[in-house]
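Structure first, then comments.
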Amino acid sequence: MTYQSQIIEAGTAIGTEPNWNGIEPESVARMRLQNRFRTGLDIARYTAKIMRQDMAAYDADPANYTQSLGCWHGFIGQQKMISIKKHFGSTKGRYLYLSGWMVAALRSEFGPLPDQSMHEKTSVPALVEELYTFLKQADARELGMMFRDLDKAREAGDEMEAKRIETAIDNYETHVVPIIADIDAGFGNAEATYLLAKKFIEAGACCLQIENQVSDEKQCGHQDGKVTVPHEDFIAKIRAIRYAFMEMGVEDGLIVARTDSLGAGLTKQIAFTRTAGDIGDQYNSFLDCEEVEAGNVGHGEVLISRDGKLMKPKRLPSNLYQFRPGTGEDRCVLDCIHALQNGADLLWIETEKPHIGQIGGMVNRIREVMPNAKLVYNNSPSFNWTLNFRQQVFDAWTEEGRDMSAYDRAKLMSIDYDGTELAAEADERIRTFQKDAAREAGIFHHLITLPTYHTAALSTDNLAKEYFGEQGMLGYVKGVQREEIRQGIACVKHQNMAGSDIGDDHKEYFAGEAALKAGGEHNTMNQFAA
């Protein structure tokens, strides 16, 4: 509906009630436009369509990959999307990522926790709701400023400017974008996963990422000690999420199936199998076993039959079973194929380094069975990007036969190499990594899980060093506020960002001339008008 049609519709409703004398149709229209999404389900349905369209665009041309940055607070998510609109004019192809790691580390009532699913499971959907609350506030703020500009144009009698602003209102692009939300390993069994998924969806999540680790043994993907579950167990949780989407009326909701098998050498259980080659047998085929004779079985040992032979899986004192070394990539490929065949939409392969050849090699094998396989990839801060890419260049140049005597591969992180040709080539490969990986490794969506965790620490460290040191107040003014003003950072007017002007508009709607507004001439935010 256009701005004018919204006013007409509101006026029609008001006209049927003779006692609604103080209700203005245009004010109602403005409030409706500032609250376009009434519920989280409205958001989930809207954003699921965006992701589906973006996936189709990527299938047509891998240059259409998408991106996101992880966030742990609604304000951070809001500022990211405001910045994207400011710098690029559109939010298209840019999402938000909600990291379970950051919720555990920064949002748990227990205090900072490792990424082991020990935090309150409802704190993650609560953050989804918080993020969308802040994104809707960004819409309300920006539209409110447009309404004020429209009023000024009308007061000045500038009909052309007023018409231009109305057209901009009609074509307004929301800050609300898809959120890829981390549900860890489901925080329990399939029923627990289903119940939690509904909370996510009700809060607005259109895309849930679930991993194939054991829920009560869950570890961060870049740490040791990861334990995976048999495929049937993981598929049950994928189905549970799909049922949740279907029940909530978000039929095109998306599921990202994550495999941690590359770095996980353990399983908690031997998969159930009926016949040779079935899904359970495929999982068990990777177990590290030794053949035993029937009469040579020790006390309490567990045995399985394989190809007519009696095999003893290697079991640790933790009661976990061990996979054969070197089988990680094969297990990843099999995990991904089974996930896509059973309802997942996208894949996530957690790797130990950002290497396009390694990722692309696995994706090519998956695509032999599932041609449209696409990845969400973690451009993780857990990787030392500088060292990894300098070593990749070193290895490539060594293979080419170049003289590498000026470099020590073990010390390539040293600042001494920063100005070298090798460092420049590594930085260029980092710069183009997302574009190259989208084209060569099937990566539809690139995300950084923990960027705002690190930027908050870095900026706070810099401010503390200056403010509590010799610079004093200049440390804040020069390093923060002056830069906000010079770069046009919206939150330099923090009262406006917190909703003060929206509140003034509402006061005027509700009380008319009697409204006591905050935005008068004595408001110090006016100092930033220039």
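Counting pairs of alpha carbon atoms under 8 Å apart in space and at least six apart in sequence, what relative contact order in percent does segment 355-439 give?
36 percent
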_Between segment 229-277 and segment 92-164, what is the separation of their alpha carbon centroids in Å?_
31 Å
*asked:* If neighbour count is taken as other Cβ atoms inside 10 Å, put Ser261, Ser405, Ser83 in order from fewest to most.
replied: Ser405, Ser83, Ser261
*Using the number of other C-beta atoms within 10 angstrom as an exposure proxy, rank Thr327, Thr259, Thr398, Thr275 with the fewest first.*
Thr275, Thr398, Thr327, Thr259
*Can you give the calculated 222 nm mean residue ellipticity of the chain, where each DSSP H run of n ≥ 4 adds -39,500 (n - 2.57) and the sum is split over every residue, rounded to the nearest 500 deg cm²/dmol?*
-15000 deg cm²/dmol
*Are any of the pairs Lys80/Lys374; Lys86/Lys478; Lys92/Lys136; Lys121/Lys199 more than 21 Å apart by Cα-Cα distance, and if so, which?*
Lys80/Lys374; Lys86/Lys478
*On full extension of the chain, what length is gained from Asn364 through Glu484, given 0.36 nm per residue of separation minus the C-alpha to C-alpha distance?*
38.6 nm
*Expressed as an acute angle from 0 to 90° and rounded to the nearest 10, what is the orientation of the C-alpha long axis of helix 123-155 relative to the principal long axis of the chain?*
30 degrees
*Report ³J(HN,Hα) in whole Hz for each residue of segment 324-340, in order, from the Karplus equation J = 6.51 cos²θ - 1.76 cosθ + 1.60 where θ = phi - 60°; Gly and Pro get x.*
5, x, x, 9, x, 5, 4, 5, 4, 4, 5, 3, 5, 4, 5, 5, 5
_Answer label for Cα extents along the principal axes in Å (calculated), chosen among [x] 79, 60, 37; [y] 96, 64, 46; [z] 70, 55, 41_ = [y]
*Lys268: which aspartates and glutamates have alpha carbons under 12 Å from its alpha carbon, excluding same-chain residues fewer than 8 sequence positions away?*
Asp216, Glu217, Asp233
*If you put +1 on each Lys and Arg Cβ and -1 on each Asp and Glu Cβ, how big is the dipole of the chain around its Cα centre, in Debye rounded to 20?*
260 debye
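Read the figures in this text as sums done on the coordinates, not as results from a lab. Fair warning: this is a prediction, and the values are worked out from it, not measured in the lab. Neighbour counts are summed over all protein chains in view; Cβ atoms, including those assigned to glycine, are modelled from backbone coordinates with ideal geometry.
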